[in-house]
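None of the figures in this text is laboratory data; all of them are computed from the coordinates on show. Not measured: the values here are computed from a predicted model. A quick note on method: Cβ atoms are made from the backbone with ideal geometry, for glycine too, and the neighbour counts reach across all protein chains shown.
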Amino acid sequence: MSRALQEPAAEVRPLLSVSGLTKDHGGGHGCHDVAFELWPGEILGVVGESGAGKSTLLDCLGGFAAPDAGRADYQSRLFGPVEIFGLSEARRRRLARSEWGFVHQDARRGLRLSVSAGGNIGERLMAGGARHYGDLRARAGAWLERLELDPSRLDEAPRQFSGGMRQRLQIARNLVTEPRLLLMDEPTGGLDLSVQARLLDLLRGLVRDLGLSVVLVTHDLGVVRLLCDRMLVMERGRVVEEGLTDQVLEDPQHAHSQRLVASILPV
Amino acid sequence: MSETAIEIDGLSKGFVRHAAGERQLPVLGGFSLAVAAGECVALAGPSGVGKSTVLRCLYGSYRPDAGSLRVRHDGAPVELVGAPPWLVRAVRRRTLGYVSQFLRLIPRVPALRVVAEPLLDAGVIEDAAERRAGAMLERLNIPSRLWDLPPATFSGGEQQRVNLARALAPAYPLLLLDEPTAALDAGNRAVVVELIREARQRGAAMIGIFHDRPVRDAVADRVLEMGAHERAA
C-alpha cells in the first residue's frame, strides 16, 4: 500500500468552532475552558449530570448568557465567518432569527403562549420580511404537518396543546427559516417515552433532510445513542472526554464517562 | 496479488477500569494483519483473545492504544488511528460496513427504512435506496408484509437478517463481520454465505468472526488463529 495519506478536503470546515469558553457562576458552577468543533450536518451531544455546565454552555452560545472568556467562530450564510460573542446586537439578532434556532426544554419558554400556533411559526418569517398573509398561513400549516401536528389547529394557542405537541410546535417555529445551527436543551425532557420516541424520530429525519448541525444538551445517553454523531462528556464545568458516540459509549476513557455509561439501564 | 485494502500494524488495545481501582485489562498486543481486495480472512481462537476487539478498533468504536490501521478509502489509503471524526464518519459512510451481532433498534423506524438509511447517508436517492433495501430484505427472506413495521417486534433471527441487510445493501468495499450467522437457521445461513461470496467476487475485503465452522470454511480464504502471541503482556 502506498504511504501517501489522504489530505482532508479543503471544503471540510467546522460550522462552529468554540475555544476557551468560560462562564463562572461562582461556587464551581458554570463552564470552564470549553472547546469543541461542530461540523456541517453533525449532531453533537453534550452530556453530564445536573450542574456539569451543559446548559450554561448552551446559554452562552444561544446569547442568553454572556461568557467571561472565550470565542466561538461561526460560518454564517449571511455574513461569512463571524465571532459570535463579539457580534453587534443587530447582527446577533438577525442570525438568531434566521440561521440559528434554540429549542428550550420547557416549550413555554420558546413559544408565545398567547399567540396562535400559526402566529408562532410565522413570527420568524415575518421578522425576515414575509408579509403575505395567505403565504405565511400556508407555510405555517405545512410546518405543522411536517412535525405531525394537525394543520387544522393553526389558530389554536399553544396552551391548548399537550406537552409533546408544544415541543413539536417549538421546533417548527425554529425550523421555518431553515436554520443551519440548532441548539437544543433537553428537548425530550419531561415527555412520556412514546412521545419522546416520536420526537426523536422526527428530529432524525429533519436533521438529514435540512442538513442541520445541532448541539444537543441532554442527560439521557439513550437520546445521544439514537441521535448524535459525536458527544462531549462534561463534569464540573469542564469537558472531560469527547469522541464519536459509539466510541464514548463502548470504550469510555475517563472515569466520569465510565461512571455515566455504567449507569445506563438496559432495556 | 491484488492490492492491500486493510493493513493492521502493531495494534494494541487494553482497557482501564477507573471504578475498579484503575484495573488494567490488556486485550491485544502488537496484532498485525493485511487483507487484500477480494479476500476474506477469518479470525479464530478462544473467546477473550481479542477477535471482536480487532473489528471494533477498525470500525473506530474502540480507540487503539498503539499501532496503525490503514484502509483503502476513495482510492487512497487512510490512517484511522487518530483520524479526525469527520474522516471516520466518511469512511463509515462510503467504505466500511460492520455487521454486529445485534440490531440496534430505532423506535418507530420501519424495517425497509432501517436498511435504506445507510444508502441514503451514502447519497443514494430515495427510490433507488428503497429498491435496493427491498431487494436485500427479499433475499434474506424478510417478507414484504413486514417491511413497513419497526423491527422491535421481530424475532431474533428476523432482526439479525434486517441487520445483515442494512450492512450488506450498500456493497461497501470493506466489511467487518462479527458472527453474521449466529441467530440464523440453515436456509438463511446459506443465503448469507452466498452474499459474502458475492461480496468477495466484487472485490470486497472482509474480516470475519465465524463460530460456525461450515460457514467459515465456505467463505474464508484464510483462517488466522489468534493466540497468546497476540495477547498483551
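Counting only chymotrypsin sites (Phe, Trp or Tyr not before Pro) that are in a DSSP loop and have at most 15 other C-beta atoms within 10 Å, tell me the longest site-free stretch of chain A. Could you put the intermediate results ahead of the total?
On the way: sites that count: A:PHE64, A:PHE79.
Segment A:80-267 is the longest.
Roughly how crowded by other chains is peptide B:74-86, in terms of the mean Cβ count from those chains within 10 Å of each of its Cβ atoms?
4
Can you put B:SER155, B:SER61 in order of Cβ neighbours within 10 angstrom, beginning with the fewest?
By the 10 Å Cβ count, ascending, the order reads B:SER155, B:SER61.
Rank by packing, highest mean first: peptides B:64-77, B:175-188, with packing defined as the count of other Cβ atoms within 10 Å averaged across residues. Show your work: numbers first, answer last.
Numbers: B:64-77: 17.9, B:175-188: 19.6.
Put in order of decreasing packing, that is B:175-188, B:64-77.
In chain A, what percentage of the DSSP-assigned beta bridges are antiparallel, given to the nearest 5?
55 percent
Which lysines, on any chain, are close to B:LYS51 with Cα under 16 Å apart, when same-chain ones fewer than 8 places away are left out?
B:LYS13
Treating only the Cβ of Lys, Arg, Asp and Glu as charged (+1, +1, -1, -1), what charge dipole size does the protein assembly as shown show about its Cα centre? Round to the nearest 20 debye. The partial results should precede the final answer.
Values: 62 positive and 61 negative charges, 167 e Å.
Taking the Cα centre of the protein assembly as shown as origin, the dipole is about 800 debye.
Rounded to the nearest 500 deg cm²/dmol, what is the calculated helix-only ellipticity per residue at 222 nm for the protein assembly as shown, with -39500 (n - 2.57) per DSSP H run of length n ≥ 4? Please report the intermediate quantities before stating the final value.
Details: 17 runs with 178 residues, N = 500.
Computed ellipticity for the protein assembly as shown at 222 nm equals -10500 deg cm²/dmol.
Classify segment A:189-237 from the C-alpha gyration tensor, please: rounded if a/c falls under 1.5, else prolate or oblate depending on whether a/b exceeds b/c.
Working: a/c = 2.42, a/b = 1.20, b/c = 2.02.
It comes out oblate by the Cα gyration axes.
Which of A:ILE171, A:LEU154, A:ALA138 sits farthest toward the positive end of the charge dipole of segment A:111-177, with +1 on the Cβ of Lys and Arg and -1 on the Cβ of Asp and Glu?
Of the options given, the answer is A:ILE171.
For chain B, give me the percentage of DSSP beta bridges that are antiparallel, rounded to the nearest 5 percent.
Roughly 55 percent of the beta bridges in chain B run antiparallel, per DSSP.
For segment A:111-177, report the convex hull volume of the alpha-carbon atoms normalised per residue, in Å³, without decimals.
Expressed per residue, the convex hull around the Cα atoms of segment A:111-177 is 70 Å³.
Placing +1 at every Lys and Arg Cβ and -1 at every Asp and Glu Cβ, with all other atoms neutral, what dipole size does segment B:1-137 have around its Cα centre, in debye to the nearest 20? Kindly include the intermediate steps, with their values, before the conclusion.
Values: 17 positive and 13 negative charges, 99 e Å.
It comes to approximately 480 debye.
Going by alpha carbons, how many degrees (0 to 90, nearest 10) lie between the helix axis of A:133-146 and the longest principal axis of chain A?
Computed tilt is about 50 degrees.
Using square roots of five times the C-alpha gyration tensor eigenvalues, list the equivalent-ellipsoid semi-axes of segment A:94-135 in whole Å, biggest first.
Computed over segment A:94-135, the values are 19, 15, 6 Å.
What longest range of chain B stays clear of loop-exposed GluC sites (Glu not before Pro) (DSSP non-H/G/I/E/B, at most 15 other C-beta within 10 angstrom)? Numbers along the way, then the final one.
Numbers: sites that count: B:GLU3, B:GLU22.
It runs B:23-233.
Once you charge only the Cβ atoms, +1 for Lys and Arg and -1 for Asp and Glu, what is the size of the charge dipole of segment A:111-177 about its Cα centre, to the nearest 20 debye?
200 debye
What lysines sit close enough to A:LYS54 to cross-link, taking a C-alpha to C-alpha distance under 23 Å and skipping anything fewer than 8 places away on the same chain?
Qualifying lysines at Cα under 23 Å: A:LYS23.
When the convex hull of the C-alpha atoms of the protein assembly as shown is computed, what volume per residue in Å³ does it have? Kindly include the intermediate steps, with their values, before the conclusion.
Numbers: hull volume 80.9 nm³, N = 500.
Given the Cα convex hull of the protein assembly as shown, per-residue volume reads 162 Å³.
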